[in-house]
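Engineer: The structure is given below, and queries will be raised subsequently.
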Amino acid sequence: MEQVSVLPAADEAVRCADFTRRLRVDPGGTAIRADVLVAAETPLPWPKPAFDHPLLAPVPAAVAAAPVPVRVLAAVPSSADALKVVSYRRCPTGVERAEWRTDQEGLTATVTAIVGGEEPAYAEPVAGGMSAEVWICTQGSHDMCCGADGTRLAQEVTDRWVDVTVRRVSHTGGHRFAPTGVTLPDGRMWGYLDLAALEAILTRTGDPAALADRCRGWWGAAVGPAQVAERALLTVDGWAWESAPRTVEVLGEADGVTTVRISAGEGPARSWLAEVRARREVPTISCRAPGGLPAKPGIEYELVRLRPES
């Protein structure tokens with residue numbers, strides 16, 4: 001594995017997203033792994049981490065006890081009258097969406113009930129069907145790149161598409177790839193976003209192969225090689241892959257290469273074997289800090305081989 005030791009000059013204070021773009025780091029393998037994604041409207045300001053907010057303080061314990069992997073994100077309130085909580089849940093038949101309306105007094109209980117797989121007792125269900133959503137990280141208290149670039153992108157999308165719901169949410173990881181976002185209901189996470197790329201993604205008019213280097217991964221695959229392997233099938237099958245029921249299984253690692261099985265169901269079963277390895281170790285710098293320090297290591301992965309399983 002190649003090690004990239006380059007750092008900004010000692011007297012240079014660069015943004016982490018600019019530094020990562022300069023090195024052309026592939027964001028694959030850095031997406032959230034979750035069976036349930038929850039956006040809980042929470043009054044600003046948000047501390048770092050967002051769970052230090054008084055209304056969200058009990059949530060980490062509930063997430064740790066949840067029967068399935070769950071990720072809760074704070075979201076900017078859409079009105080001054082009430083707070084909404086939205087969940088997307090992976091299930092055998094696809095994805096289920098639910099929405100509730102509550103207030104500050106009922107927010108904590110509503111979120112913890114959803115995380116535990118229960119029906120909230122202190123919230124009113126909101127009727128509505130599945131529609132396109134994009135959650136964009138705008139938490140400036142966590143990282144200034146997300147705060148500036150993410151907020152700008154969220155406003156551009158809101159101004160351009162009235163039929164797409166945009167939520168400004170808290171940290172989704174990977175701030176060095178800002179602007180970052182997750183599209184729903186497909187549960188795919190993206191980095192290096194701009195308006196043109198997001199339009200190509202939301203309208204399914206862009207070439208998935210051309211967009212692959214912006215894809216962080218899919219929420220149903222484990223962080224790391226599994227997400228890189230699953231992403232490869234998006235480039236093979238195209239956008240139809242997003243509606244295919246699938247499983248992603250890490251089979252093992254040998255000589256630095258991880259083997260992953262990706263299976264797609266309904267109709268004749270299809271499966272592939274992917275081999276993924278760490279390409280290079282790239283420093284993740286501290287945003288706008290002299291010399292980028294302190295910096296921590298980050299792993300960039302690459303697909304070595306993809307083949308149908310015989």
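The values are calculated or read from the model by the stated rules, or taken from the named source; none is laboratory data. Treat the numbers as computed from the prediction; the structure is a model and nothing was measured. We place every Cβ from the backbone using ideal geometry, glycine too, and count neighbours over all the protein chains shown. These accessible areas exclude ligands, DNA and RNA; they are computed on the full protein's heavy atoms, side chains included. Shrake-Rupley method; radii C 1.70, N 1.55, O 1.52, S 1.80 Å.
Engineer: Before we move on, is Asp103 of a type outside the set (Ser, Thr, Tyr) and at pLDDT 95 or above?
Structural biologist: Considered against the rule, which asks whether it is of a type outside the set (Ser, Thr, Tyr) and at pLDDT 95 or above, Asp103 comes out as yes.
Engineer: A further question follows. If you go through region 34-64 one residue at a time, how many are in contact with a helix residue (DSSP H, G or I) (Cβ under 8 Å, 6 or more places away or on another chain), open to solvent by 10 Å² or more (accessible area, probe 1.4 Å) and not β-branched (Val, Ile, Thr)?
Structural biologist: Residues that pass the stated criteria total 7.
Engineer: Ser78 versus (1) touching an Asp or Glu at 6+ places or on another chain (Cβ under 8 Å); (2) surrounded by fewer than 16 Cβ atoms within 10 Å (Cβ to Cβ); (3) within 19 Å of Trp219 (Cα to Cα): which is the lone unmet condition?
Structural biologist: Ser78 satisfies every listed condition except (3).
Engineer: Which of the numbered conditions does Ser87 fail, given that it passes all the others? Conditions: (1) crowded, with 19+ Cβ neighbours inside 10 Å; (2) small (Gly, Ala, Ser); (3) out of contact with any strand residue (DSSP E or B) (no Cβ under 9 Å at 6 or more places or on another chain).
Structural biologist: (3)
Engineer: Looking at the structure I just gave you, is Arg307 among the charged types (D, E, K, R), surrounded by fewer than 14 Cβ atoms within 10 Å (Cβ to Cβ) and not in a loop (DSSP other than H, G, I, E, B)?
Structural biologist: In short, yes.
Engineer: Of the residues that make up region 124-132, is at least one within 22 Å of the chain's Cα centre (by Cα), in contact (Cβ under 8 Å) with a residue 24 or more places away in the chain and open to solvent by less than 30 Å² (accessible area, probe 1.4 Å)?
Structural biologist: Checking region 124-132: not a single residue is within 22 Å of the chain's Cα centre (by Cα), in contact (Cβ under 8 Å) with a residue 24 or more places away in the chain and open to solvent by less than 30 Å² (accessible area, probe 1.4 Å).
Engineer: Hey, could you check region 158-177 for residues that are within 18 Å of Arg71 (Cβ to Cβ) and among the hydrophobic types (A, V, I, L, M, F, W, C) and say which is surrounded by the most Cβ atoms within 10 Å (Cβ to Cβ)?
Structural biologist: Per the criteria, the residue is Val169.
Engineer: How many residues are open to solvent by less than 70 Å² (accessible area, probe 1.4 Å) and either more than 16 Å from Val6 (Cβ to Cβ) or part of a strand (DSSP E or B) (or both) when one looks only at region 288-302?
Structural biologist: The qualifying residues number 5.
Engineer: Got a sec? Which of Gln104, Gln155 is over 19 Å from Gly187 (Cα atoms) and either in contact (Cβ under 8 Å) with a residue 12 or more places away in the chain or surrounded by 17 or more Cβ atoms within 10 Å (Cβ to Cβ) (or both)?
Structural biologist: Being over 19 Å from Gly187 (Cα atoms) and either in contact (Cβ under 8 Å) with a residue 12 or more places away in the chain or surrounded by 17 or more Cβ atoms within 10 Å (Cβ to Cβ) (or both) holds for just one of Gln104, Gln155, which is Gln104.
Engineer: Residues to consider are Gly187, Gly140; find the one that is surrounded by fewer than 24 Cβ atoms within 10 Å (Cβ to Cβ) and either hydroxyl-bearing (Ser, Thr, Tyr) or out of contact with any helix residue (DSSP H, G or I) (no Cβ under 7 Å at 6 or more places or on another chain) (or both). Please lay out each step first, then the result.
Structural biologist: Working: Gly140 fails: either hydroxyl-bearing (Ser, Thr, Tyr) or out of contact with any helix residue (DSSP H, G or I) (no Cβ under 7 Å at 6 or more places or on another chain) (or both).
Of the residues listed, the single one that is surrounded by fewer than 24 Cβ atoms within 10 Å (Cβ to Cβ) and either hydroxyl-bearing (Ser, Thr, Tyr) or out of contact with any helix residue (DSSP H, G or I) (no Cβ under 7 Å at 6 or more places or on another chain) (or both) is Gly187.
Engineer: Identify all residues within region 7-23 that are farther than 15 Å from Pro179 by Cβ, of a type outside the set (Asp, Glu) and touching a residue at least 60 places away in the same chain (Cβ under 8 Å); write none if there are none.
Structural biologist: The answer is Leu7, Pro8, Ala9, Ala10, Ala13, Val14, Phe19, Leu23.
Engineer: Quick one: count up the residues across region 212-240 that are surrounded by fewer than 20 Cβ atoms within 10 Å (Cβ to Cβ) and hydrophobic (A, V, I, L, M, F, W, C).
Structural biologist: Matching residues across region 212-240 total 6.
Engineer: Quick one: in region 251-273, which of the residues that are buried (at least 17 other Cβ atoms within 10 Å of the Cβ) and out of contact with any Ser or Thr (no Cβ under 7 Å at 6 or more places or on another chain) is modelled with the lowest pLDDT? So that I can check it myself, show each step before the final result.
Structural biologist: Applying the first criterion (buried (at least 17 other Cβ atoms within 10 Å of the Cβ)) to region 251-273 yields 258-260, 262, 264, 272.
From what's left, out of contact with any Ser or Thr (no Cβ under 7 Å at 6 or more places or on another chain): 258-260, 264, 272.
Details: Thr258: 98, Thr259: 98, Val260: 98, Ala264: 92, Trp272: 96.
It comes out as Ala264.
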